[in-house]
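The values are calculated or read from the model by the stated rules, or taken from the named source; none is laboratory data. Remember, it's a predicted structure, so these values are computed and weren't measured experimentally. Note: ideal-geometry Cβ built from the backbone for every residue, glycine included; neighbour counts use all protein chains shown.
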Amino acid sequence: MNKTAAVRAVIEATSAEPIIFTTGYSSRIAKHLANRPNHFYMTGSMGLAASIGTGIALSSGRRVVVVDGDGALAMNPGCLITAGAFVHLPLFHLVLDDGQYESTGGQEVPSRRVNFTGLAEAAGYSDVWHVDDLNKFRELLHSELPGCATPTFVHCELTERDEPGPPPRIEADLSQHQLGFSGHLASCRDRPTTPRQPIDDSAT
Amino acid sequence: MAVLDCASTLSEALLEHDFAPFFGTPCGILAPLYGRLEAAANLWTVSREDNAVGVAAGAAMAGKSPVVLMQNSGLGQSVNAIASLIVPYQIPMLLVVSMRGAPPDFTTENIVMGRLTEPILTQAGIPTAHLDEENLAAQVGWAHGLVVERRQPAALLVPPALFGWRA
């Protein structure tokens with residue numbers, strides 16, 4: 001499984017759920033594969049994808065998918081504490097781990113000795129998973145994502161490299177992108193079939 | 001105005017002007033305000049200021065008008081979140097930033113950030129006002145116009161002694 005295959009699997013397993021893609025190639029790959037209104041491309045603020053997802057899930061009660069990276073998580077592991085504090089947060093937090101800062105030239109992430117699933121569990125995530133196989137990843141998305149109602153963490157170990165030549169940078173007007181994504185969230189909110197209520201709990 | 005009244009007045013003004021939810025981070029100057037907000041609204045404590053800005057960004061995109069409360073030392077932690085997320089994506093939120101390193105706080109470790117706080121915000125393009133105890137409700141009204149109505153970020157700076165903090 002390489003990064004493109006993992007991102008494709010996430011897009012195929014989702015429809016209207018908001019997805020926050022972290023900075024770097026994950027956003028670029030996602031936009032290139034399918035530029036849907038439920039996608040938020042976080043082009044800067046490395047490490048904050050899960051915090052943005054936490055805010056959406058907390059305020060809307062909607063299930064939110066975060067496509068994070070190992071480098072971003074190593075930069076801001078505090079995002080796990082932020083999300084893990086909310087027992088009933090429907091956050092599906094994926095970390096695509098290629099062991100390198102790919103978009104900045106492939107430097108090694110100093111995380112070889114880090115147990116990411118252990119970190120997430122210790123921070124309060126109720127379900128943690130590790131996968132390194134595309135079919136198992138698809139099965140996991142199929143079985144766990146639809147019912148996700150608590151902070152869930154999936155460590156996806158990428159075993160293969162992508163084809164050389166990443167998709168182009170995201171050149172969109174970022175404020176327009178934000179308005180489009182916020183509009184998507186509002187249209188979901190206004191839909192009468194939306195089953196969930198905003199979360200009103202805290203660390204306890 | 002008595003100092004505890006300032007915390008009550010500000011808390012009530014924020015709630016009356018449709019601000020919510022509130023994301024707090026550790027700060028002694030803001031503690032009396034936290035007490036008021038906790039009693040009246042959803043106040044969630046976040047362990048680091050840039051994460052609080054990120055969570056508030058999500059809340060804002062979900063239609064809320066969130067407030068992040070932080071000490072200016074935490075503004076230092078949040079500069080990249082403000083510069084690469086809040087401003088370029090024009091995400092509406094109110095930053096309530098307490099001013100360590102401003103009179104009567106002359107603690108050496110806070111002086112530099114005290115000097116940097118307003119330039120950082122104004123250079124980032126975030127409309128910023130210093131809270132004045134005689135004018136609290138009107139200043140929250142000003143922030144409401146920017147954040148809630150025009151859907152853009154704004155900041156209110158809190159002088160150290162506003163809620164009774166002493167060096």
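Note on region B:64-121: residues that are under 12 Å from the mean Cα position of the chain (by Cα) and of a type in the set (A, V, I, L, M, F, W, C) amount to 12. Do we find that B:Gly164 is in a loop (DSSP other than H, G, I, E, B), over 30 Å from A:Gln176 (Cα atoms) and touching a residue at least 60 places away in the same chain (Cβ under 8 Å) in this structure? Spelling it out, B:Gly164 is indeed in a loop (DSSP other than H, G, I, E, B), over 30 Å from A:Gln176 (Cα atoms) and touching a residue at least 60 places away in the same chain (Cβ under 8 Å). Scanning region B:122-145 for residues that are more than 12 Å from the chain's Cα centre (by Cα) and either free of Cβ contacts under 8 Å to residues at least 24 places away in the same chain or under 15 Å from B:Leu33 (Cβ atoms) (or both) yields a count of 11. In region A:19-34, the condition of being over 22 Å from A:Gly165 (Cα atoms) and within 14 Å of chain B (Cβ to nearest Cβ) is met by at least one residue.
With respect to (1) part of a helix (DSSP H, G or I); (2) surrounded by fewer than 23 Cβ atoms within 10 Å (Cβ to Cβ); (3) touching an Asp or Glu at 6+ places or on another chain (Cβ under 8 Å), the lone exception for A:Ala50 is condition (2). Among the residues of region A:170-192, write down those that are at pLDDT 95 or above and not in a helix (DSSP H, G or I). Matches in region A:170-192: A:Asp173 only.
One residue alone among A:Asn76, A:Asn115, A:Asn2 is of a type in the set (S, T, N, Q) and buried (at least 19 other Cβ atoms within 10 Å of the Cβ), and that residue is A:Asn76. Look at region B:31-43: where a residue is more than 13 Å from chain A (Cβ to nearest Cβ) and within 12 Å of B:Leu14 (Cα to Cα) and a partner is assigned to a helix (DSSP H, G or I) and not polar (S, T, N, Q), sitting 6+ places away or on another chain with Cβ atoms under 7 Å, you get B:Leu33/B:Ala7; B:Leu33/B:Leu10; B:Arg36/B:Ala7; B:Ala40/B:Leu15.
Is it fair to say A:Val66 is crowded, with 23+ Cβ neighbours inside 10 Å and in contact (Cβ under 8 Å) with a residue 60 or more places away in the chain? Taking the combined requirement at face value, the residue does not satisfy it. Between residues in region B:61-89 that are more than 7 Å from chain A (Cβ to nearest Cβ) and closer than 26 Å to A:Ile170 by Cβ and residues that are among the β-branched types (Val, Ile, Thr) and assigned to a strand (DSSP E or B), which pairs lie under 9 Å by C-beta distance while being six or more apart or on different chains? Short answer, once both residue conditions are applied: B:Val68/B:Val96; B:Val68/B:Val97; B:Ser78/B:Val68.
Restricting attention to region A:111-157, which residues are of a type in the set (Phe, Trp, Tyr) and either farther than 21 Å from A:Asp98 by Cα or without any contact (Cβ under 8 Å) to a residue 60 or more places away in the chain (or both)? Quick ask: steps written out before the conclusion?
Going residue by residue through region A:111-157, those that are of a type in the set (Phe, Trp, Tyr) are A:116, A:125, A:129, A:137, A:153.
Correct list: A:Phe116, A:Tyr125, A:Trp129.
Taking (1) over 20 Å from A:Leu145 (Cβ atoms); (2) within 14 Å of the chain's Cα centre (by Cα); (3) surrounded by fewer than 24 Cβ atoms within 10 Å (Cβ to Cβ) in turn, A:His32 satisfies each apart from (2). Right, A:Leu145: over 15 Å from A:Arg63 (Cα atoms), surrounded by 13 or more Cβ atoms within 10 Å (Cβ to Cβ) and not β-branched (Val, Ile, Thr) or not? Spelling it out, it is not the case that A:Leu145 is over 15 Å from A:Arg63 (Cα atoms), surrounded by 13 or more Cβ atoms within 10 Å (Cβ to Cβ) and not β-branched (Val, Ile, Thr). In region A:53-63, of all residues being within 10 Å of chain B (Cβ to nearest Cβ) and surrounded by fewer than 24 Cβ atoms within 10 Å (Cβ to Cβ), the one that is nearest to the chain's Cα centre (by Cα) corresponds to A:Arg62. Taking region B:1-21 as the range and being surrounded by 18 or more Cβ atoms within 10 Å (Cβ to Cβ) and part of a loop (DSSP other than H, G, I, E, B) as the test, the residues that pass are B:His17, B:Phe19, B:Pro21. The strands (runs of 3 or more DSSP E) found wholly in region B:22-103 and carrying at least 3 residues that are in contact with a strand residue (DSSP E or B) (Cβ under 8 Å, 6 or more places away or on another chain) and surrounded by 24 or more Cβ atoms within 10 Å (Cβ to Cβ) occupy B:67-71, B:94-98. Condition (residue is in contact with a Cys (Cβ under 9 Å, 6 or more places away or on another chain), charged (D, E, K, R) and outside any loop (DSSP other than H, G, I, E, B)) applied to region A:69-82: is it met by at least one residue? There is no residue in region A:69-82 that is in contact with a Cys (Cβ under 9 Å, 6 or more places away or on another chain), charged (D, E, K, R) and outside any loop (DSSP other than H, G, I, E, B).
A:Gln100 satisfies every condition listed in (1) without any contact (Cβ under 8 Å) to a residue 60 or more places away in the chain; (2) surrounded by 24 or more Cβ atoms within 10 Å (Cβ to Cβ) except (2).
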